[in-house]
Every structure is written in structure tokens, then in C-alpha cells.
Amino acid sequence: MAGLTLLALLNPRSATYAVVRALCDQAGGGLSIVDTSGRVLMGEAPAGEFDSSVRIPVECGDATLGFVVGDQAHASLVAQLVTHLAARETEQRALAGETLHLYREINLIEQLSEQLAAILNLAAVSEAVLAQAQRLISATHGSVLLVDKSTGALGIEGSFAPPAGNGDDTCGALAPDSHFAASVLERGVAEIVNDCGGDSRSRGNECSLRALILAPLRAGQRTAGLIALASTEPDASYSAADLKLLNTIALQAAAAVENAALCAEMVDSARERAAYAAELQAASSVQQLLLQSGSSPTPGFHVESVYLPASEVGGDFFFVQPAPDGSLLAIVGDVSGKGLTAAMRVAMILGVLRRETSHDPGEILFSLNNALVAHGQLGFATACCIRISLTGEFAFANAGHIAPYVSSRELETIPALPLGIVAGQNFELVLGSLNQGERLVLLSDGVPEARAESGELFGFERTAMLCSKTAEHIAATAQQFGQEDDITVVTLTVSE
């Protein structure tokens, strides 16, 4: 895996870049971030040779990625932040690498995953899991036991064992009332028992087992059940490698069990599913009405708005309202998350905007940010808010959103964190003016992030070229290129 570089960490399109840039700006300028070759990645190039006392290294493990140059206090603070972000990124890469290595190492587990993906029956899932487990780990007995969601009782969903031959009612490796099973479910941790007869938890047929290995079926925060393998062979013994392998099988099995259980619930509740589909359609209709009601008549201005959700309900929002002095207020944003959760966040944001009495873009984003932080569980949102007068003068503030365009020119913005992350954040205004005939464009990232079948992004260069066109043309072009996310476009011109 390629080592982390400062250039990759401070990609201008990343959230990391916005956070570091915001901190540098709050420090009052005069800071620069350079890599080990001296190339400037953020800020202005240091003038002449700079003293080592103001050249703070950014380190990741044993490697120095670059330096923060500036006054001691501010440079140290920024270097600490970048070092922390580099460590977090390295940890995430390492975790991804370990997971990828695990799945590549065990080819049979991949085959099991593919097989389970096509099975939507709990009994068939259990049979497939036990068959694959028996091929990989030596066992004479096996069981898959699942927890009933409604009662919490443990039951046998699948098992194998040699014929008893003496009339005994065998149930595989473990019975539902097994103390071994109860222990694993309670702790949620896999276990090896290489002397079942000498373990005080053994009862009934379990006393005849020589070795036993168990792994919980963990589905998110819930333990859906467990898988157990056992052997009656005199020299049977399970190892840590066996336990790791069974845990991997259990991971695949847990996802399949959840899918199969969900399918069974859906089949048994067709009426509820139909009702949910109707609710989703209703939510889409309500969201469209909310967005439409957020746009009032705008005398003195020509406003066009297009909203194309990627699914039934989306996470973009826009709001257009005239101010008492005849100026126009507009905001376009994008909430985190998808589906009904995102739709609920959009509804909450539109409610806050309707109650807002200020017409200053910075104050509006300030209030909206505090409202999202206060709710806590609503995630975050990006937004750009602008106010434009009848003479064309405008002021806008940006909270981590795509910058607005005037015709085909992207406006410079002052970096700031998205809404809902830090309470009390201030949003500075950028001032400008709109000439006669010029079009101001606010849009969401669904336009530049449209992706063709070849994988090519629509990109910011194409977006800039489009921004002299109508809202309908911009949205339709991005959608035809390959829509992947919600697309929102709002265009504003001053009427002649």
C-alpha cells in the first residue's frame, strides 16, 4: 500500500482541506504548508530562507510528510491538526488493507459469500454455512442456532451429526439450552473448548464431545445467534487459526441470516411493505411541495430552479424569498445521508429557514448551524446563502458548499466548516455585483459529480462552461451525462 503524502491528504476537494484551510485563515494568514521538497501545498511560499524555529514538521509514524511555516504558536497548532488527520487517514488505510487481505486470503469464504448472497431462506443459509464450515474445519457435529427476535429464545436452524444408532435425539453440536451457547451469546466472543468432558458447562450429549469451537453471528450491534462445530475424535483439538476462520465464516453467515430474516419479514408483511412504498411516495410529494412552497414570487428578478432527486426522496434543498427592501434571498444546500432520513433533515432545515427573521446570509447560516448542532443527531449539511439587490449588488456566505457562479466564472469563497459540526461558527460575507444580463448560479454537487458509464466525472470545468445557460439546461445536461446524486440548480438574474 502506497505511503500517505501531504499532497494526497490536502486534496483541495476533500473535507480535510477545508478544515485545515479554515484553521489557517482563522490564524490570520501568514502560514504556509509545504512538503519535504519545499513545494507549497497551502498558503503562500515563504519569503527567502525560513528559520527552523518556525518550521514545524508534520509527521506520520517515522516519516516526515512536510512542514507548517509561520509564527511558532499558529504553525504548531496547524501542524498538530494535520498530524492528527494524517494519523487518522493512515489508520483507515491500514484497516482497509487488513480487511482486503483477509478476504483475498480465504478464497472459499469468498465463494461462500457469493453463494449466500443468492439465498433468502434461513434453513438454506444454515445448511450452506455448515457445509462450507465442515469443509474448512474438521468436525463431526455442527449447529447453527438463531435468536428469535420477538421472544429472544434460542432455536436450532440447522445441524449435522452422525446417526445416533441408539435412539438418542441428537441435535448437532449444541442444544438450545446449552450453557456454552449462553456464554457465547452473553459475551459476544468466540471460544474454543478442547476438553468438553472436563468443562463444568457440559451437559447431556455435550459430555461426549472431545473439542468444541463456537463463534457468534454478529449483525451490527446485535448477536443474531451462533455457529458451533465439534468433534468426537479422540485427538481432536481446535486452534486459534480455526477460530479465526470460523469467525470469518460467522461474519458472512450473519449478513446472510439478516438478509434472509429480512426477506421473511417482508414476505410475511406484504401489506406493510405496500404501505411503506405509499409513504415513500407521499414523502417525495411532500418534499416537492415543501421545496416549491419555499420559493415565493420575486418581483424584479428572474428566478429559475430545478430539483432532480437521485431517488424517491433527496437530500438537496433550496429556498428563495424576497426581503422587505426588495432584495432577494436564496440558499442552496445538501444534507448528509440518504432516503427518508435525509428528507427529514431537509424538512427541518426548511422549517428553520421559514422562521428566520434575518436577511443577512452570514446570520442565516449562523442560526441554521446552531439549530443543527442543537438537534445533535441530524448530521451535517453544506449550504451557500446569497442576498442580491435590485441594482445587482450581492453578498453571500458559504458553509462548505460548492461556490456560486456568475455566468461562467466561479466566485471566490471564504472557507468554513459545514453546518451542524461546531456551534457558534461565524460565516464571513463575500461581496460582489451582477452586471446587466449576467446570471448568478447556485447548484449542488450533483452537477460536477455526475459520472458517465466510463467512470469520467462531469467535473468543474464543464460545470463552469454550463453556468451561462438556464437552470433547466444545466440540470438536464448533468443528468444526461450520468446522474449519481441529487441535482439542484437555482439561477438568478435582475429583471431589465
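In table form, for the structure just shown:
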read-out: Filter result (at pLDDT 80 or above and surrounded by 10 or more Cβ atoms within 10 Å (Cβ to Cβ)) within the range 34-53; value: 34, 35, 36, 38, 39, 40, 41, 42, 43
read-out: Residues satisfying the stated conditions in the range 422-477, i.e. out of contact with any Asp or Glu (no Cβ under 7 Å at 6 or more places or on another chain), open to solvent by 40 Å² or more (accessible area, probe 1.4 Å) and of a type in the set (A, V, I, L, M); value: 422, 423, 429, 431, 465
read-out: Matching strands (runs of 3 or more DSSP E) fully within the range 171-233 where at least 2 residues are within 13 Å of residue 142 (Cβ to Cβ); value: 211-219, 222-231
read-out: Count of the range 414-462 residues which are polar (S, T, N, Q) and under 25 Å from the mean Cα position of the chain (by Cα); value: 3
read-out: All positions within the range 308-361 that are outside any helix (DSSP H, G or I), open to solvent by 20 Å² or more (accessible area, probe 1.4 Å), more than 26 Å from residue 429 (Cα to Cα) and not hydrophobic (A, V, I, L, M, F, W, C); value: 309, 311, 312, 337, 338
read-out: Neighbours by Cβ (under 9 Å, 6+ apart or cross-chain): first from the range 360-379, within 30 Å of residue 325 (Cβ to Cβ) and touching a residue at least 60 places away in the same chain (Cβ under 8 Å); second assigned to a helix (DSSP H, G or I) and open to solvent by less than 50 Å² (accessible area, probe 1.4 Å); value: none
read-out: Residues that are under 21 Å from residue 16 (Cβ atoms) and either of a type in the set (Phe, Trp, Tyr) or open to solvent by less than 10 Å² (accessible area, probe 1.4 Å) (or both), drawn from the range 373-397; value: 380, 381, 383, 384
read-out: Tabulated pairs, the range 179-203, first closer than 21 Å to residue 153 by Cα and open to solvent by 50 Å² or more (accessible area, probe 1.4 Å), second modelled with pLDDT of 90 or more and of a type in the set (D, E, K, R), C-beta under 6 angstrom, 6+ apart or interchain; value: 179/201
read-out: Breaking point among (1) charged (D, E, K, R); (2) part of a strand (DSSP E or B); (3) under 18 Å from residue 248 (Cα atoms), for residue 127; value: (2)
read-out: Test: residue in the range 406-415 that is touching a helix residue (DSSP H, G or I) at 6+ places or on another chain (Cβ under 8 Å), assigned to a strand (DSSP E or B) and of a type outside the set (Val, Ile, Thr); value: yes
read-out: Boolean, residue 366 is aromatic (Phe, Trp, Tyr), modelled with pLDDT of 90 or more and closer than 16 Å to residue 398 by Cα; value: yes
read-out: Residue 251 outside any loop (DSSP other than H, G, I, E, B) and either of a type in the set (Ser, Thr, Tyr) or at pLDDT 90 or above (or both); value: no
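The values are calculated or read from the model by the stated rules, or taken from the named source; none is laboratory data. Treat the numbers as computed from the prediction; the structure is a model and nothing was measured. Glycine also receives a Cβ, built like all others from the backbone with ideal geometry; neighbour counts cover every protein chain displayed. Note: areas computed on protein heavy atoms with side chains; ligands, DNA, RNA excluded. Shrake-Rupley method; radii C 1.70, N 1.55, O 1.52, S 1.80 Å.
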